[in-house]
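To keep things clear, I will list the structure first and then write my remarks on it.
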Amino acid sequence: MALVTMKEMLLAARREKRAVGAFNIANYETARAVLMAAEREKQPVIIQLYMRLFDSEKAYDLAGMLIRLANRASVPVAIHLDHGNTIKQVKDALAWGYTSVMYDGSRLPFEENVKNTAFCVQYAHSFGASVEGEIGHVAQGDETAITEVSEAVEFASATKVDALAVSIGTAHGYYTSEPKLDIERCKAIAEALPELPLVLHGGSGTPLADVRKVIENGVAKVNIATEFMDTYLKSSRSELEKLNGKFLPIDKYFDPIVDECAAHAARLMRFFAGM
């Protein structure tokens, strides 16, 4: 199909009460697995890289591979900076060909988050790219700050973001106890921002019944990182144990790992699409 921005796919997804899966990758095998799943399910997809990779050559080098994979895919593909926490990361991502970026100023004071995100929106739009912002804070080893409806409205109006990550009870990484999502909070934000796609961070391990409820209430992008990468690690370990010290060419070694990761991603894509 083509390399696109996430805005194009998320607006349609929100209208149709479905969500697009956004999967974090770190190498060719994880990227290939996500694309295999998307093409198998005939679903648009967002392939994203965590901001840490933009502080080395990794995100730069992977960009060329991702652009080539996306341009030969049969479904729409966006490539995205996940949780960019500096303006330099945003600028680098856009210069390297990423079609969407997230500027995450959720730990900053509200006014500073607005100022920096608004700059990133203006800058990214000059590249024809789209921007995700975050208001409230989804925890990652720190304290969650639930999104206030009034702040979400003010933030969206002031920044003109194309998608808004909200904090409604999820957290990054695996849970030690089952999360309690504030579905009513999500619904209130969605009703206050009827044209803006919402984003659910911390999708790994979140009860699927709750994920379905928030998709019906404005969430159009669901981030999956931990459980997808964990599938990759566990499958890699299993295949290595099968070898029991014997030699196998690397490309053949990775084939079943890619297949297992693709199957995992495909199951989630079907669910997000309401299939």
Query raised in the report: How about region 44-145: which trypsin sites (Lys or Arg not before Pro) there lie in a loop by DSSP and see at most 16 other Cβ atoms within 10 Å?
Result: ARG72, ARG107
Requested in this report: List, in order, the whole-Hz ³J(HN,Hα) value for each residue of region 255-271 obtained from phi through the Karplus relation with A = 6.51, B = -1.76, C = 1.60 and θ = phi - 60°; use x for Gly and Pro.
Outcome: 3, x, 5, 4, 4, 5, 5, 5, 5, 5, 5, 5, 4, 5, 4, 4, 5
Query - Residue-wise HN-Hα coupling along region 27-40, computed from phi with Karplus coefficients 6.51, -1.76, 1.60 (Hz; x: Gly, Pro) - result: 7, 4, 5, 5, 5, 5, 4, 5, 5, 4, 5, 4, 6, 4
Query raised in the report: Given only helices, namely DSSP H runs of n ≥ 4 each adding -39500 (n - 2.57), what is the per-residue ellipticity at 222 nm of the chain, to the nearest 500 deg cm²/dmol?
Result: -15500 deg cm²/dmol
Query raised in the report: Between SER157 and LYS17, 0.36 nm times their residue separation minus their Cα-Cα distance comes to what?
Result: 48.1 nm
Requested in this report: Give the share of C-alpha pairs in each 5 angstrom bin for the chain, from 0 to the last occupied bin, in whole percents, shortest bins first.
Outcome: 1, 6, 14, 17, 20, 17, 12, 7, 3, 2, 1, 0, 0
Query raised in the report: What lysines sit close enough to LYS180 to cross-link, taking a C-alpha to C-alpha distance under 26 Å and skipping anything fewer than 8 places away on the same chain?
Result: LYS17, LYS213, LYS221
Requested in this report: At 1.4 Å probe size, with every protein chain present, just tell me what the per residue accessible area of the chain comes to in Å².
Outcome: 45
Query raised in the report: Got a number for carbon plus sulfur as a percent of region 34-81's accessible area, 1.4 Å probe?
Result: 50
**Report entry** Amide N proximity, region 243-275 versus LYS213 label position 7 Å along Cα-to-Cβ, cut-off under 19 Å
**Finding:** 271-274
Report summary line: Checked region 1-156 against the a/c 1.5 cut and the a/b vs b/c comparison, axes a ≥ b ≥ c from its Cα gyration tensor; verdict prolate
Requested in this report: Could you pull out every one of the aspartates and glutamates with an alpha carbon less than 20 Å from that of LYS91, ignoring same-chain neighbours closer than 8 positions?
Outcome: ASP55, GLU57, ASP61, ASP82, ASP104, GLU112, GLU132, GLU134, ASP162
Report task. Just order 205-218, 4-17 by mean Cβ neighbour count inside 10 Å, highest at the front, would you? Result -> 4-17, 205-218
Query - Residues whose placed amide H lies under 5 Å from that of VAL166, excluding near-sequence neighbours - result: VAL199, HIS201
Query raised in the report: Which residue, chosen from MET229, ALA22, PRO76, occupies the Cα position most advanced towards the positive end of the dipole of the chain, where the dipole is computed from +1 (Lys, Arg) and -1 (Asp, Glu) charges on Cβ about the Cα centre?
Result: PRO76
**Report entry** Length-normalised contact order for region 45-93 - Cα pairs under 8 Å, 6+ apart - percent
**Finding:** 55
Requested in this report: Using label points projected 7 Å from each Cα along Cα→Cβ, tell me how many nm separate ARG52 and ALA2, to one decimal.
Outcome: 3.5
Query raised in the report: Contour minus end-to-end for ALA192 and ASP61, with contour as 0.36 nm per residue of separation and end-to-end as the Cα-Cα distance?
Result: 43.1 nm
Report task. Report relative contact order for the chain in percent, whole number only (criteria: Cα-Cα under 8 Å, sequence separation at least 6). Result -> 23
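The values are calculated or read from the model by the stated rules, or taken from the named source; none is laboratory data. Because the structure is a prediction, the values reported are computed rather than measured. Virtual Cβ from ideal backbone geometry, glycine too; neighbours counted across all protein chains shown. Note: accessible area is taken over every heavy atom of the protein model, side chains too, but ligands, DNA and RNA are not part of it. Shrake-Rupley method; radii C 1.70, N 1.55, O 1.52, S 1.80 Å.
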